[in-house]
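One structure is given here, and the rest of the page talks about it.
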Amino acid sequence: MQDVITLALAKGRLAEQTFTLLENLGIDCSEPRQPGRQLVLWDRKNNLRFILVKPSDVPTYVDHGVADLGVVGKDTLLESGRPLYEVLDLTFGQCKLCVAGYAEASAPVTRATFRVATKYPRIARGFYDGKGQTIEIIELHGSVELGPVIGLSDVILDIVESGSTLRANGLSVLEEVCDVSARLVCNRVSLKTKRERIRGLIDGLAEQVRRMKEEQT
Ligand code: PRP
């Protein structure tokens, strides 16, 4: 009997793109594609179990070993601070983590402390610590661009994909922090105990990514 493999997926676009890759490997994703209110979904033929969770919870499930594999954005992975084994860059979900604000935000600050509004407090702390700059972090959970617009913060640290949210609010990128894309992460113990099945999935997905890139060029 094959080992059961549990895959934790960030709900939304990343999950949809992962299903497409998995289907190309012969995995039946019809249940997780139509989840309803059910939280645990199966491809029973392949003994593959899916859990669809909030993006920020994917690293938690994989770190605790209740999911063997997970698909999550690099931004979420960095923010989690969990030492997960990142086995594959899936290359979709591309965007950048950037510091953004009004172009004149690099001018001398009038507030005592430079304020950064962000959904990524850990990444922001690390980024500014690296520059030796003291900042105050204002943690927000959405519509972060409002920070400088409404005077809550001097800048934001957030993901920029098309750049349209920044443009619509008169803001621009001031500094790039890092590139982001979807990553396949693995629990370290699972990789040892279910090595054959997990390696098979990783290698299959790596081949799919290679083909996808070829088609794009
Ligand atoms: C994200 C991000 C930016 C926007 C960037 O927000 O926080 O606000 O998308 O995308 P763009 O460069 O293509 O405009 P999301 O849509 O997840 O909503 P939120 O603000 O509620 O977090």
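The values are calculated or read from the model by the stated rules, or taken from the named source; none is laboratory data. Only a predicted model underlies this, so the values are computations on that prediction, with no experimental measurement involved. Please note: Cβ atoms are built from the backbone with ideal geometry, for glycine as well, and neighbour counts cover all protein chains shown. Remember, those area values only see protein heavy atoms, side chains included, never the ligands or the DNA or RNA. Shrake-Rupley method; radii C 1.70, N 1.55, O 1.52, S 1.80 Å.
Pull up the range 127-144, narrow it to residues that are open to solvent by less than 80 Å² (accessible area, probe 1.4 Å) and not β-branched (V, I, T), then point me to the one that is farthest from the ligand (Cβ to nearest atom). Step through it out loud before you land on a result.
So in the range 127-144, the residues open to solvent by less than 80 Å² (accessible area, probe 1.4 Å) come out as 127-128, 130, 132-133, 135-138, 140, 142, 144.
Within this subset, residues satisfying the condition of being not β-branched (V, I, T) are 127-128, 130, 132-133, 136, 140, 142.
Numbers: F127: 16, Y128: 19, G130: 22, G132: 27, Q133: 22, E136: 20, L140: 8, G142: 3 Å.
By that ranking, first place goes to G132.
Among (1) within 16 Å of the ligand (Cβ to nearest atom); (2) in contact with a helix residue (DSSP H, G or I) (Cβ under 9 Å, 6 or more places away or on another chain), where does Q208 come up short?
(1)
Identify, from the list A67, A117, A112, the residue that is part of a loop (DSSP other than H, G, I, E, B) and assigned by TED's automatic domain parsing to the domain that holds L171.
Going through A67, A117, A112 in turn, the sole match is A112.
Has the range 77-94 got any residue that is out of contact with any Pro (no Cβ under 8 Å at 6 or more places or on another chain), farther than 20 Å from V185 by Cα and open to solvent by less than 20 Å² (accessible area, probe 1.4 Å)?
Within the range 77-94, none of the residues are out of contact with any Pro (no Cβ under 8 Å at 6 or more places or on another chain), farther than 20 Å from V185 by Cα and open to solvent by less than 20 Å² (accessible area, probe 1.4 Å).
Which of (1) within 19 Å of L88 (Cα to Cα); (2) modelled with pLDDT under 95 does G70 not meet, given it meets every other one?
The one condition G70 does not meet is (2).
Which one of these is at pLDDT 95 or above, of a type in the set (G, A, S) and open to solvent by less than 30 Å² (accessible area, probe 1.4 Å): S190, S172, S164? Lay out the reasoning, then the answer.
On the way: S172 fails: open to solvent by less than 30 Å² (accessible area, probe 1.4 Å); S164 fails: open to solvent by less than 30 Å² (accessible area, probe 1.4 Å).
Result: S190 is the single residue among S190, S172, S164 that is at pLDDT 95 or above, of a type in the set (G, A, S) and open to solvent by less than 30 Å² (accessible area, probe 1.4 Å).
If you check G147 against the conditions, is it farther than 30 Å from E86 by Cα, open to solvent by less than 40 Å² (accessible area, probe 1.4 Å), within 12 Å of the ligand (Cβ to nearest atom) and modelled with pLDDT of 95 or more?
Values: farther than 30 Å from E86 by Cα: yes; open to solvent by less than 40 Å² (accessible area, probe 1.4 Å): yes; within 12 Å of the ligand (Cβ to nearest atom): yes; modelled with pLDDT of 95 or more: yes.
Judged against the criteria, G147 is a match.
Here is a check on your reading of the model: is L157 open to solvent by less than 20 Å² (accessible area, probe 1.4 Å), within 16 Å of the chain's Cα centre (by Cα) and either over 23 Å from D63 (Cα atoms) or more than 13 Å from the ligand (Cβ to nearest atom) (or both)?
yes
Tell me which residues, restricted to the range 175-186, are surrounded by fewer than 19 Cβ atoms within 10 Å (Cβ to Cβ) and of a type outside the set (S, T, N, Q). Talk me through it step by step, then tell me what you get.
Step one: filter the range 175-186 for residues surrounded by fewer than 19 Cβ atoms within 10 Å (Cβ to Cβ), giving 175-176, 178-179, 181.
Correct list: E175, E176, C178, D179.
Among residues belonging to the range 16-62 that are open to solvent by 40 Å² or more (accessible area, probe 1.4 Å) and hydroxyl-bearing (S, T, Y), point out the one that is farthest from Y120 (Cα to Cα).
Among those residues, the one meeting the criterion is S30.
Run L97 past the list (1) surrounded by 20 or more Cβ atoms within 10 Å (Cβ to Cβ); (2) more than 16 Å from the ligand (Cβ to nearest atom); (3) not small (G, A, S) and report the number of the one that doesn't hold.
For L97, the failing item is (2).
Which condition from (1) in contact (Cβ under 8 Å) with a residue 60 or more places away in the chain; (2) in contact with a Gly (Cβ under 8 Å, 6 or more places away or on another chain); (3) within 15 Å of the ligand (Cβ to nearest atom) is the one that V185 breaks?
All conditions are met except number (3).
Mind listing whichever residues of the range 160-175 are more than 13 Å from the ligand (Cβ to nearest atom) and in contact with a strand residue (DSSP E or B) (Cβ under 8 Å, 6 or more places away or on another chain)?
Within the range 160-175, L174, E175 qualify.
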